[in-house]
Amino acid sequence: MKIVVLNGSPKGETSVTMQYVAFIQKKFPQHELKIVNIVPQIRQLASGGQAFDEVIETIKSADGILWAFPLYVFLVHSNYKRFIELIFEREAKAAFQGKHTALLTTSIHFYDHTAHNYMHGICDDLDMKVYASYSAEMRDLFKEKERENLLQFFNGFFDAIDRDASASKLYLPLIVNGSEYTPGTAQVAFDTEGQKVVLVTDAEEQHTNLNKMIEKFVSHFDVNVEIVNLHNIDIKGGCLGCIRCGYDNTCIYSGKDGFIDFYNSKLRSADILVFAGAIRDRYLSSLWKTFFDRGFFNTHIPALAGKQMAFLISGPLGQLPNLRQIFEAYTEWQRTNLVGIVTDEAGDSKALDQALQELARRSIAYGKSNYIKPATFLGVGGVKIFRDEIWGHLRFPFVADHKFYKSNGVYDFPQNNYGKRLRNFLVGWVIKLPVVRKKVYSNLMITKMIEPYKKLLSKL
Ligand SMILES: Cc1cc2nc3c(=O)[nH]c(=O)nc-3n(C[C@H](O)[C@H](O)[C@H](O)COP(=O)(O)O)c2cc1C
């Protein structure tokens, strides 16, 4: 059978993900795996020439489609996202409808699930028959057990195509409430006490609600909020995945376009940072995705740490918990404080007025007191993945990360706590004595657990 592989790596076939595809091709020579490199040819695909139609014709001729892509900042690469937008824009859905499909990613398992959820939603929107998804750690191919796993997955996929197996959808179509926002006339402006507020957006003229939300929101600050539209930033292209930034955070685009200057001068100098965008398919626009990908020149260093962050979103975010999680996780691993996310989806102008005013008020108040709420699992778990990777496998090429992690206490391995280790060793032996065990695993456990807290409270 013929499987069309939609390659989502900027590196084309010189990519880690494509080595997994090469392995599958080797093991299943009876099937043809035809690779289409989407990311490097996005300009041609978007240009309106024949390139897009050719890809669609190739898709039509396939028995199955494999979306094979590396994880890029919680999702797919910005150009892959653009390709997805083009499918809907150019009404090419019919080519995908009813096709069997599977997802294959390589990553370090940092928010691989949000990328898979997103792509599964897109496949459901395209009425495809999703077999399943497979998230390989980028080094899995070197492990025999993982190779066997991968073969089983593809055996299952080919078999599902053969049997024309049924597939159930996971995601319902989005329902968009198109009601127009009419802002109230009341004027309340809060004293920012010298804090710098920067709002980044990709709003276009047709984004009426988003533009009105921005206007209303910024009116609540007694200073001029700096509004930067991503359309006005000179961005020459998406992230190339070259890791030139790994050594000292110097991007290959440095001096060639305006992105790095914009990021360093506008974003880094802000105390309150607001991102405003409209939902496009199940994420924001591919331009926003370019912003997030290109921000990777900071590698795994939380370059925005300490800032207050807020989001103004036009569109059905309530139906996209996956996207909400991406926003929450992004702000948490960056060690910023997510003040809130305000959307227009309820269609209630008065409530939206109040929400925007409250968001402005809280941003200022939290900024004044430098409040950063504790991270949840999203931030804590994510940072632990980075910590282990930068300590181990990824120390080279990410030299700058290692320096930063060392001098900022990110290497908080429990193994380094020698006092705790000694205590655990001794207690481990003592607890083997039945008489001690009986005493400890009794009421004593609960009272002993709070003893240090009691001591602390009596001192405070
Ligand atoms: C700019 C950039 C962003 C990345 N974002 C993520 C991410 O969010 N989560 C993750 O687990 N890995 C992330 N990675 C790691 C890649 O997904 C991983 O190295 C992948 O195997 C690369 O595949 P490729 O060679 O096919 O492009 C990122 C890598 C780069 C260069």
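The values are calculated or read from the model by the stated rules, or taken from the named source; none is laboratory data. Being a predicted model, the structure only gives us computed values, none of them experimental. In this analysis, Cβ positions are derived from the backbone assuming ideal geometry, glycine residues included, and neighbour counts consider all displayed protein chains. Heavy atoms of the whole protein, side chains included, go into the accessibility calculation; ligands, DNA and RNA do not. Shrake-Rupley method; radii C 1.70, N 1.55, O 1.52, S 1.80 Å.
For residue 241, the test of being open to solvent by less than 20 Å² (accessible area, probe 1.4 Å), at positive phi and not in a strand (DSSP E or B) is passed. Restricting attention to the range 35-59, the residues being within 16 Å of the ligand (Cβ to nearest atom) and either touching a strand residue (DSSP E or B) at 6+ places or on another chain (Cβ under 8 Å) or open to solvent by less than 10 Å² (accessible area, probe 1.4 Å) (or both) number 5. Being over 24 Å from the mean Cα position of the chain (by Cα) and at pLDDT 95 or above is not true of residue 411. For the range 404-427, filtering for residues that are out of contact with any Phe, Trp or Tyr (no Cβ under 6 Å at 6 or more places or on another chain) and surrounded by 14 or more Cβ atoms within 10 Å (Cβ to Cβ) leaves 2. When 296, 291, 275 are checked against the criterion of being out of contact with any Cys (no Cβ under 6 Å at 6 or more places or on another chain) and part of a helix (DSSP H, G or I), 291 stands alone in meeting it.
Among the candidates 328, 345, 358, the residue that is in contact with a Leu (Cβ under 9 Å, 6 or more places away or on another chain), assigned to a helix (DSSP H, G or I) and not basic (Lys, Arg) is uniquely 328. Candidates 256, 236, 212: the one that is assigned to a helix (DSSP H, G or I), more than 14 Å from the ligand (Cβ to nearest atom) and either among the charged types (D, E, K, R) or open to solvent by 60 Å² or more (accessible area, probe 1.4 Å) (or both) is 212.
Scanning the range 292-306 for residues that are surrounded by 24 or more Cβ atoms within 10 Å (Cβ to Cβ) and more than 10 Å from the ligand (Cβ to nearest atom) gives no hits. Scanning the range 9-34 for residues that are of a type in the set (D, E, K, R) and near the ligand (Cβ under 9 Å from one of its atoms) yields a single hit, 11.
Can you tell which of 157, 142, 221, 190 is open to solvent by 20 Å² or more (accessible area, probe 1.4 Å), aromatic (Phe, Trp, Tyr) and touching a strand residue (DSSP E or B) at 6+ places or on another chain (Cβ under 9 Å)?
190
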